1. Limited to region 114-139, what total is found for residues that are in a loop (DSSP other than H, G, I, E, B), touching a His at 6+ places or on another chain (Cβ under 9 Å) and charged (D, E, K, R)?
2. In region 297-325, how many are within 16 Å of ligand 2 (Cβ to nearest atom), among the small types (Gly, Ala, Ser) and in contact with a Lys or Arg (Cβ under 8 Å, 6 or more places away or on another chain)?
3. For the structure I just gave you, tell me whether Ala171 is open to solvent by 10 Å² or more (accessible area, probe 1.4 Å) and touching a helix residue (DSSP H, G or I) at 6+ places or on another chain (Cβ under 9 Å).
4. Looking for whichever is within 16 Å of ligand 2 (Cβ to nearest atom) and surrounded by fewer than 22 Cβ atoms within 10 Å (Cβ to Cβ) here; the options are Asp328, Asp289, Asp284. Which one fits?
5. Between a first residue in region 317-332 that is under 9 Å from Ile295 (Cβ atoms) and assigned to a loop (DSSP other than H, G, I, E, B) and a second residue that is of a type in the set (Ser, Thr, Tyr) and more than 7 Å from ligand 1 (Cβ to nearest atom), which pairs have beta carbons less than 8 Å apart while being 6 or more apart in sequence or on different chains?
6. Could you list, in sequence order, the residues of region 1-29 that are at pLDDT 95 or above and part of a strand (DSSP E or B)?
7. Could you check region 140-151 and list, in sequence order, the residues that are part of a helix (DSSP H, G or I) and open to solvent by 10 Å² or more (accessible area, probe 1.4 Å)?
8. Restricting attention to helices (runs of 4 or more DSSP H) lying wholly within region 338-396, give those where 3 or more residues are in contact with a strand residue (DSSP E or B) (Cβ under 7 Å, 6 or more places away or on another chain) and within 15 Å of ligand 1 (Cβ to nearest atom).
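The values are calculated or read from the model by the stated rules, or taken from the named source; none is laboratory data. This structure is a prediction, so every number in the text was calculated from the model and none was measured. All Cβ positions, glycine included, derive from the backbone under ideal geometry; neighbour counts span all protein chains shown. With ligands, DNA and RNA removed, areas are computed over all heavy atoms of the protein, side chains included. Shrake-Rupley method; radii C 1.70, N 1.55, O 1.52, S 1.80 Å.
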Amino acid sequence: MRKISLRDLPEERIRGRRALVRVDYNVPVEGGRVRDRTRLRASFPTLRLLLSREARPVLASHLGRPGGAPEPELSLRPVARALGEELGGTVRFAETAGSDEAVEASRGLEDDEILLMENTRFLPGETENDPELSRRLARCGDLFVNDAFGASHRAHASVVGVPGVLRPAVAGLLVGAELEALQRVREGHRSPFVLVLGGAKVGDKIPVLESFLDRADAVLVGGAVANTFLAAAGVEMGRSRVEQEALPAARRLRDRAGSRLRLPGDLIVAARPEATSGAAVAADAVPADSAALDIGPETRELYGAVVEEADLLFWNGPMGLFERPPFDEGTRAVARAAGRATGRGAFTVVGGGDSARAVREAGLSDQFSHLSTGGGAALEFVAAGTLPGIDVLDDL
Ligand code: ADP
Ligand code: MG
């Protein structure tokens, strides 16, 4: 399933052409300012390559979920400003993606200029993959580049519709790097292969568990996912976050996995998530008026030891309510252990919006082989081996 990368395209197919790039600039904006520029920077390798070959980058992205109509607070205008500051050079802005004005602006771009178009989800038809909208967007480029890994699991017009009508359609450098890293995880050739699964959205994680259960040497479960597995085993979880709908699946997976699936032996509990301290209790002794908010110290140690010995590691989902210290200790312990594994030569990948944020906030980003920029997309790719937005690109 090798796809053509922007790097594989001969220079003459790029030079002077307008490259319509689907980027993932779904970034946090507050009071008109971009609070985290990680995703902007992640697109720079592709943008720099295009600019160095005198192409004209025309960028399309969504931001939030405006539902097919403009919402001022979800405008990409602040992103255009931040992009200009970060990258240097002129970033022009088009009020409506795919409009005649946007087409005109794309044709008027000069050397080293970039055009960013307004939020594609302001347009009716984007999330429905409307063919007419795809054709309008496609007029803004002479070739298509998908560099929006984090949106590639969505069959939306700007992701799968446009490459259907605009060729060549190639993978950008970020998408290429993501695919390479996640492909290695999927193949699971190294051993011990350890999967760490935490966070909250149990439903999203079940396909990953299904797909890895027979291949991973150990599956370490934490966070609210662990609460759900414990509840499925009949343990009283007090006021802990448990996903009721996922209980049958948790029961079934537990039976299938046997001893390779590990649940926490102890937990940190508190009466309220706002608490500033917690108490360590055995996993089957969560008080009725408390919630489990992190893995406990014994589990930290045990999980850390397994993670440290891994030769291939995929981690999705924090071990606890990491946004509220001290309930970040389990997550930090796993992150540090993963860093030691990387140091020993292991291939370590974090996929998941919140898990990646936890690693970044702990200052440990450089201790992993790869930090995926796509939460849902990374999960879906490691589980299914492909994504709608990748499938449609030109084959090598
Ligand atoms: P990711 O984005 O990495 O895939 P999720 O979105 O599934 O991860 O889950 C992240 C969220 O799960 C975080 O907001 C975190 O606070 C929450 N969480 C983790 N463990 C617990 C817990 N024990 N109780 C409540 N929330 C938890
Ligand atoms: Mg999340």
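1. 2
2. 1
3. Details: open to solvent by 10 Å² or more (accessible area, probe 1.4 Å): no; touching a helix residue (DSSP H, G or I) at 6+ places or on another chain (Cβ under 9 Å): yes.
It is false that Ala171 is open to solvent by 10 Å² or more (accessible area, probe 1.4 Å) and touching a helix residue (DSSP H, G or I) at 6+ places or on another chain (Cβ under 9 Å).
4. Asp328
5. Pairs found: Met319/Tyr303; Met319/Thr331; Gly320/Thr331.
6. Ser5, Arg18, Ala19, Leu20, Val21, Arg22, Val29 - these are the residues of region 1-29 that are at pLDDT 95 or above and part of a strand (DSSP E or B).
7. Of everything in region 140-151, just one residue is part of a helix (DSSP H, G or I) and open to solvent by 10 Å² or more (accessible area, probe 1.4 Å), namely Gly150.
8. Result: 353-361.
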